There are 2 protein chains.
Amino acid sequence: MECEVLAIGTELLLGHVVDTNSAWIGQQLALAGISCRYQAKVGDNHERIVDGLQEALSRADAVICCGGLGPTQDDITREAIAEVMGVALRRNADVEARLRERFGGRDVPASNWKQADVPEGASLIMASTGTAPGLVCPVGDKVVYAVPGVPAEMREMVGGAVVPDLVRRSGGQATIRSRFLRVWGVPESKVAEIVAPRLSALEGTPTTIAFLANVAEGVRVRVTTRAAGPGAAAEAERALDREEAELRALLGDAVGGIDDEDLEVVVARLLEGSGLRLAVAESLTGGLVATRLTSVPGASVWFAGGVVSYGSDVKRSLLGVGEGPVVSERAAREMAAGVARLLGADVGLSLTGVAGPEPQDGQPVGTVFVCLSWPPPGQVSALALSGDRRLVRERAATYALDILRHALLARGPALRGS
Amino acid sequence: MECEVLAIGTELLLGHVVDTNSAWIGQQLALAGISCRYQAKVGDNHERIVDGLQEALSRADAVICCGGLGPTQDDITREAIAEVMGVALRRNADVEARLRERFGGRDVPASNWKQADVPEGASLIMASTGTAPGLVCPVGDKVVYAVPGVPAEMREMVGGAVVPDLVRRSGGQATIRSRFLRVWGVPESKVAEIVAPRLSALEGTPTTIAFLANVAEGVRVRVTTRAAGPGAAAEAERALDREEAELRALLGDAVGGIDDEDLEVVVARLLEGSGLRLAVAESLTGGLVATRLTSVPGASVWFAGGVVSYGSDVKRSLLGVGEGPVVSERAAREMAAGVARLLGADVGLSLTGVAGPEPQDGQPVGTVFVCLSWPPPGQVSALALSGDRRLVRERAATYALDILRHALLARGPALRGS
C-alpha cells in the first residue's frame, strides 16, 4: 500500500504558512506501516490540483489531500476531486443539517453551503469540530481522501478515519518504528564511516540506517525497521534493540542519548546522579552554555550559576585571571577554578576564545579553550572551530557540554546507569 | 519564469523533520517575482529523485533541489542530477582543496570526498560555511539548482546566488521589494488594529501590508511593493520609504528596527551611542539575555558581562540579595544594583521569575520581575507571561531587552539617531 500526500493552498507555496500537516501525516503513515514516497504542495488552482491528484494516483494506491475544504472562493478541492472521479457534486442533506445546527439558528452564510457539496459516490468523515466534513472518494480501485487544512481537524480525521481505512485496505498491519541514537563530538562523515559495516550488514533486511546532523543537536543516527503480522510492534522493537546494541558497540561513548535526549538533558542526568554542583564561566559563548543547561527543568539542584565574563576586566577582577592574553590555556584554567570558587561549586567549566568577526590576542577566529576545573589539575581542550560567529559560538557550547559529559562518564561505571 | 522546489530526504517524508526550507524558498521566489506553482518532497532514493526532477522540468523552467549533498551514503542528489543531465560526475580540484582546508590538516574522512564530485557542465556555488558547494546544472535550456538542506547554508546560497541567477534568466521583469518594520512590546492583534487605516488606504495600489509574529523576533510588519520599467527599483524604494513613514507615524517608538535588525542589535546600537556599560543578572532566563546581547559583534565595548544567579545562595552571596523570596520586586532591584556594582558597570539589568514547570516562592509560572538599576531608583516591571518553560524564558528575555530599549530612547532625542 502506497499513499501520497497533496497539500493544497497558495499560502503554502508563498511560504506564508509552513506545511506541518504533511510531516504529521507522514509520521502516522509510517507508524501504521503504510509507505509514503512522495508529498507535494499545489496552490488553489483547479487545473493544477487535478493534475497533482492524477499524477499521485498514477504512482500510488491512495492520496490524502489536505486543505481547500473551507467556505471561500479559493476552496476548490471538492470540485477538483469530482473531476478526477468523473462525477458531479451533489448537495448532501446530512451536511446541510449539520451546518444549520452549527450556526445555531443564525443564517448560514451563503458561501458556507458549498461545504455541503459532495462528489457522487464519496462517503463522509464527520468531525467533532469545524464545518467541513472529510471525504473518502473512490477512484477505480484507488482512493482519494480529503481533509481540512486546519491542523486539529486534519489530525482528528486522519488519525480516526483515514489511517484506519488505509490499514483495512492494505489488508495487513505492517508497523514501522524508528529510534534515534544521539551522537556528539564526532563529525557526521566520521560517524558514517564508523557505522558503514552496519549499513552493509543490514542490506536486504527491513532495517535501515540514516543520518541527520545539526550543530546544536549533534549527529542523529536513525534506525528504522518494519514488521508485519501479529506481534509486529514487539518484533520491530526487538529489531531496534538489536541494532542499537550493534551501533553502540561501534560508536561507544559517542552515543550520548536516545530520541529526544538533547546533550544538556544527558549532562543534567549525569550531574544529578553525581551529586556534584556545577558553575560555568563563559567568554565567547556569552551565556549560551548556561542557557542550554538551565533549559532543563530542575537545574537548580546541580547548577549553581554562571559568570559571563565578557570584558577582560571582569575576568581579572571577578575570576582572578592573571596578566597576559585572555584567550589562552592559562586563562581558561583560571576561569574554571575562579568560577567554582566564586559560586561555591564543585566543578567549574570555562570557555574562552574568539567568536569573530575579528581575531583577538593574535588568535584566529574559531580558536577556543575549554577547561574543566575537576578533577584537578584542570585539563584544557584547545579547539579550532569553523564557521561564522553564530556557528563558532554554538559549536563551542556543544563541545564544552560534551567534554563535561565525557568527564562525568569517566568518573566510573556506577554513574552510567544513573 | 516558473521555478519548482524539490526537497530531498526520507526524514521529511517520515515527518522526523518539518520541511521549512521550501516555505522559505517560496517566499524568496515570490519576492523576486518568480512564479512557484509546485513543491514536492521525495526520499533518499535515486530513481524517485530522478523522476521528481524530470516531472518538475516537464512543467517548469527551473528546479531548486534542497538536501542530499552531505557526505553520507544516503546523500545522492549529485548522482541523480548527473543522470538527469545525462553526464558523469567528475572530482573537482577546487572543492577538494576547500575540503582539505576545512579539515585544517587533519585527515579528511573518506566519505567527505564525494562532496567534491560535480556533474560535468555544472558550475559551483561556494558558501562561507559547510563543506558541500551548491550546484547550478544546465539541462537543455532549463536549469536545476542543488543546495544543502542545512537551513543556514541553503539560505545563503538561494539568497546570494540562486534567486539572482533566476532573475537574470527571467530577463528582469517586475521588481518586487519588501521592507520589514520590527515591532516589540505590542501584540500582533494590537499592531493590526493600529495599522488598519493603512490597509484601507493602500487598496488599489501596488503596495501591500502583512504581519508575521514570533516570540523572539516580535511582530514584523511587512510592506511589499511592485514596480516595472526603467527606474523600477528606485520607484519601489520610494514607495517603501513613504509607507514606512506612514507606519512609523502610527506605531511610534514601538517600531524598533528595520529588516534584520533584531532587538539585541537595536539595543546594542543605542548602548554604543550612550557610552554606558551594561551588566546583566539573570535567574529564570539562565543566560539567555547575555547570549542574545553577545551575539552582536563588538559587544565588548558596551557589555561588561553577566551573572547567572541560578541558585538562591549565589543571588545572596554574590549579588547581595537579602533574606526573603528571590522571586520578588525587591530581589530584582537588589540583583540589578548588585550586578552593576560587582562588574563595575553603569547599568544593571536583572530578571527573576518562575519559568516552570513548577511554581516557586508561592508565585505562579510566568511571574517575572525585570529591573533596570538606572536611572536610580530602579523601576521594576512585573510581568505575567504565558506559555511553557521555553516560551516564558524567551518572552522574559524579549521584554527585558525592550524595557532597556525604551529606557535608552527616553534618555533624550540626541541618542535616537545614534
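Structural remarks
- Annotation note: of A:V339, A:V314, A:V321, A:V365, the sole residue that is β-branched (V, I, T), free of Cβ contacts under 8 Å to residues at least 60 places away in the same chain, within 12 Å of chain B (Cβ to nearest Cβ) and closer than 23 Å to B:S309 by Cα is A:V314.
- From the list B:A7, B:A56, B:A80, B:A62, the one residue that fits, being among the small types (G, A, S), crowded, with 23+ Cβ neighbours inside 10 Å, more than 8 Å from chain A (Cβ to nearest Cβ) and in contact with a His (Cβ under 9 Å, 6 or more places away or on another chain), is B:A80.
- Answer residue from region B:182-198, given it is of a type in the set (A, V, I, L, M, F, W, C) and under 24 Å from B:V265 (Cα atoms) and is modelled with the lowest pLDDT among those: B:V186
- Taken across region B:17-29, residues that are facing chain A (nearest Cβ under 8 Å), among the polar types (S, T, N, Q), surrounded by fewer than 18 Cβ atoms within 10 Å (Cβ to Cβ) and under 26 Å from A:S200 (Cα atoms) do not occur at all.
- Residues of region B:301-329 classified as under 14 Å from B:E264 (Cα atoms) and either among the polar types (S, T, N, Q) or in a strand (DSSP E or B) (or both), total: 1
- Per this entry, B:L351 is not counted among residues that are part of a helix (DSSP H, G or I), at pLDDT 95 or above, assigned by TED's automatic domain parsing to the domain that holds B:V307 and touching an Asp or Glu at 6+ places or on another chain (Cβ under 7 Å).
- Applying the condition of being under 21 Å from B:R341 (Cα atoms) and under 20 Å from the mean Cα position of the chain (by Cα) to region B:364-402 and asking which residue is surrounded by the most Cβ atoms within 10 Å (Cβ to Cβ) yields B:A400.
The values are calculated or read from the model by the stated rules, or taken from the named source; none is laboratory data. Fair warning: this is a prediction, and the values are worked out from it, not measured in the lab. Quick reminder, even Gly has a Cβ in these numbers, built from the backbone with ideal geometry, and neighbours come from all protein chains shown.
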